[in-house]
Amino acid sequence: MPPSHIAIALGTALLWGFGFVTSKYGADHMPPLFFLALRFALMALMLLWFVRPPSGRWLAVSLFALTMGAGHFGLFYVALNIGVEASTAAIIWITQVPLSALMAALILRERPGWLAVVGIAIAFGGAVLLVGEPRHTGNAMGIALMFGSSIAWAVANVQVKRLTDISPLALNGWMSAISALLLFPLSFALEEGQIASLLQPDWRLHGSLVYQVVGSTLLAYWAWYYLLAHNKVATVAGFMLLVPVVGVIFGVFILGDPITWQTLVGGAIIVSGVALIVLKRAPEPAIKAR
């Protein structure tokens, strides 16, 4: 990989890692489903001018939006809203890789190699150590929702396998549009104070929303697909191991998240396990942003 591509890969990891901070701030200062619906609505408005409708594939794309948009992202933002820290979310986020490997083995009958099996076991061992920390056991619902978010992402990866006839840009655009249509009524049915939160003069809140659309999605995914087009998939995928590290660093130094030995050791074990999976057999690029 040339130095310029290494710089782009590092920049992408920084963009996604900082996305945990802006997601946390948005979920804490605006009803989380409403914040997410706005994010998807803005994404759709920016993308749908450039893509074609998925003719004959509306049901499959709608089911993908239900899993990825309402399922994965919805659970993720609600978990942040009820107390899961940005640094913890960044670590749990990477468990999507072993969960995807398991889902592919169960549903797609893709047999993982022995190294991947060891990596899955190591990653889940680290997750057990992480969530066993007292401050996390006191927020069992938030941690459960965050892991549920990872499971939904793994299911969505299986769905993506069956949507390869649709370009990533089109899939992102229509997933965003359908997700927004699902999340706006869900937010107004379950949450309150949406308009007041949107109108409050908080530049950090509105900046977080803009960052989620422009930084975490448009810029990061342009860079990701550019790197995939010019480098080996395994080489590019290896850089995703930096995302939770960056997320933890930003969470600790910007949001003041506590850092404990369980967080450090559990996170290191999870990343080590994921490295065995990713570097042996790189996963499919996800249609997902932080």
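The values are calculated or read from the model by the stated rules, or taken from the named source; none is laboratory data. Because the structure is a prediction, the values reported are computed rather than measured. Cβ coordinates were reconstructed from backbone atoms using ideal geometry, including for glycine residues, and neighbour counts include every protein chain displayed.
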Scanning the stretch 61-117 for residues that are outside any helix (DSSP H, G or I) and either in contact with a Phe, Trp or Tyr (Cβ under 8 Å, 6 or more places away or on another chain) or within 29 Å of Thr260 (Cα to Cα) (or both) gives Ile82, Gly83, Val84, Glu85, Ile94, Thr95
Quick check, is Tyr221 of a type in the set (Ser, Thr, Tyr) and under 17 Å from the mean Cα position of the chain (by Cα)? yes
State the number of residues belonging to the stretch 10-44 that are farther than 30 Å from Gly193 by Cβ and buried (at least 20 other Cβ atoms within 10 Å of the Cβ). 2
What do you reckon, is Arg109 out of contact with any helix residue (DSSP H, G or I) (no Cβ under 6 Å at 6 or more places or on another chain), on the phi > 0 side of the Ramachandran plot and either modelled with pLDDT under 80 or of a type in the set (D, E, K, R) (or both)? yes
Inspect all residues belonging to the stretch 158-165 and state whether any of them is loosely packed, with under 14 Cβ neighbours inside 10 Å, over 18 Å from the mean Cα position of the chain (by Cα) and part of a helix (DSSP H, G or I). no
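Which of the residues belonging to the stretch 48-67 are among the aliphatic types (A, V, I, L, M), at pLDDT 90 or above and touching a helix residue (DSSP H, G or I) at 6+ places or on another chain (Cβ under 9 Å)?
Start the filter on the stretch 48-67 by keeping residues that are among the aliphatic types (A, V, I, L, M), which leaves 48, 51, 59-61, 63, 65-66.
The next check asks that each one be at pLDDT 90 or above; those that pass are 48, 59-61, 63, 65-66.
Leu48, Ala60, Val61, Leu63, Ala65, Leu66, listed by residue number.
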So Ala86 clears everything in (1) surrounded by 20 or more Cβ atoms within 10 Å (Cβ to Cβ); (2) out of contact with any Lys or Arg (no Cβ under 7 Å at 6 or more places or on another chain) except one condition, right? Which one? (2)
Show the residue pairs that are 6+ apart or on different chains and have beta-carbon atoms under 9 Å apart, the first residue being within the stretch 260-276 and under 10 Å from Phe124 (Cα atoms), the second being aromatic (Phe, Trp, Tyr) and surrounded by fewer than 19 Cβ atoms within 10 Å (Cβ to Cβ). Ile270/Phe124; Gly273/Phe124
Go through the stretch 130-146 and give me each residue that's buried (at least 18 other Cβ atoms within 10 Å of the Cβ), modelled with pLDDT of 75 or more and of a type outside the set (Gly, Ala, Ser). Asn139, Ile143, Leu145, Met146
Only one of these conditions is not met by Leu181: (1) touching a residue at least 12 places away in the same chain (Cβ under 8 Å); (2) surrounded by fewer than 23 Cβ atoms within 10 Å (Cβ to Cβ). Which number is it? (1)
